[in-house]
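First the structure, in the form of structure tokens, and then the observations on it.
The values are calculated or read from the model by the stated rules, or taken from the named source; none is laboratory data. Here the structure is a predicted model, which means the values were calculated and not measured. Positions of Cβ are backbone-derived with ideal geometry, glycine not excepted, and every protein chain shown enters the neighbour counts. Surface areas here come from the heavy atoms of the whole protein model, side chains and all, with no ligands, DNA or RNA. Shrake-Rupley method; radii C 1.70, N 1.55, O 1.52, S 1.80 Å.
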Amino acid sequence: MTTWLSDERPPEDRDETPFYNDAELEHYREARGWLKRSIDLNPYFPDAYLLLGNAFADIDGDFETMLTYYDRALVLDPDNDEFHNARMSHYLTMGKLDLALDDLLHLERLQSGYAESMRKHYDNAVECGEQ
């Protein structure tokens with residue numbers, strides 16, 4: 001996932017999905033299947049949800065499913081700063097500043113190492129008028 005953190009929004013028709021050859025896609029899809037299986041075996045492992053969300057975004061450009069899995073990870077581990085940082089990055093990319101702010105405030109409450117840099121990215125997005 002490419003994160004937008006500059007003064008200009010990317011073109012709407014830009015392809016966000018990284019390029020993989022057929023063999024790499026096959027391996028990535030197989031790994032995604034194993035992640036699903038691991039969740040079936042242990043639905044209480046939040047990292048698997050985050051990785052599965054990343055796989056849906058990377059393979060299919062399916063950001064809605066990615067967010068669903070990110071949200072599930074955060075239900076299981078609500079104070080995981082890496083999860084909030086990942087979701088906030090996506091919200092900034094999509095210009096959803098109100099949702100990004102929720103994650104930012106949580107990062108600041110946690111006194112996360114991500115908070116300071118994400119505050120700068122958020123403030124930059126607000127200054128650019130993306131709200």
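Starting from region 57-70, keep only residues that are under 15 Å from Met88 (Cβ atoms), then list their pairs with residues that are basic (Lys, Arg) whose Cβ atoms are within a distance under 6 Å, requiring at least 6 positions of separation or different chains. Listed pairs, sorted by first residue: Tyr70/Arg87.
Residues of region 50-67 that are open to solvent by 20 Å² or more (accessible area, probe 1.4 Å) and over 21 Å from Asp22 (Cβ atoms): Leu50, Leu51, Phe63, Glu64, Thr65.
Go over the candidates Tyr91, Tyr122 one by one and state the one that is of a type in the set (Ser, Thr, Tyr) and either open to solvent by 50 Å² or more (accessible area, probe 1.4 Å) or over 21 Å from Asp47 (Cα atoms) (or both). Break it down into steps so the answer makes sense when it comes.
Values: Tyr91 fails: either open to solvent by 50 Å² or more (accessible area, probe 1.4 Å) or over 21 Å from Asp47 (Cα atoms) (or both).
Just one listed residue meets the conditions, Tyr122.
When you check Asp40 against the structure, is it out of contact with any His (no Cβ under 7 Å at 6 or more places or on another chain), open to solvent by 40 Å² or more (accessible area, probe 1.4 Å) and under 27 Å from Leu99 (Cα atoms), yes or no?
On the way: out of contact with any His (no Cβ under 7 Å at 6 or more places or on another chain): yes; open to solvent by 40 Å² or more (accessible area, probe 1.4 Å): yes; under 27 Å from Leu99 (Cα atoms): no.
No; evaluated as a whole, the condition is false for this residue.
Restricting attention to helices (runs of 4 or more DSSP H) lying wholly within region 16-113, give those where 2 or more residues are within 30 Å of Val126 (Cα to Cα). Explain how you work it out, then say what you get.
Details: elements: 22-41, 46-60, 63-76, 81-94, 97-109.
Helices (runs of 4 or more DSSP H) meeting the threshold: 46-60, 63-76, 81-94, 97-109.
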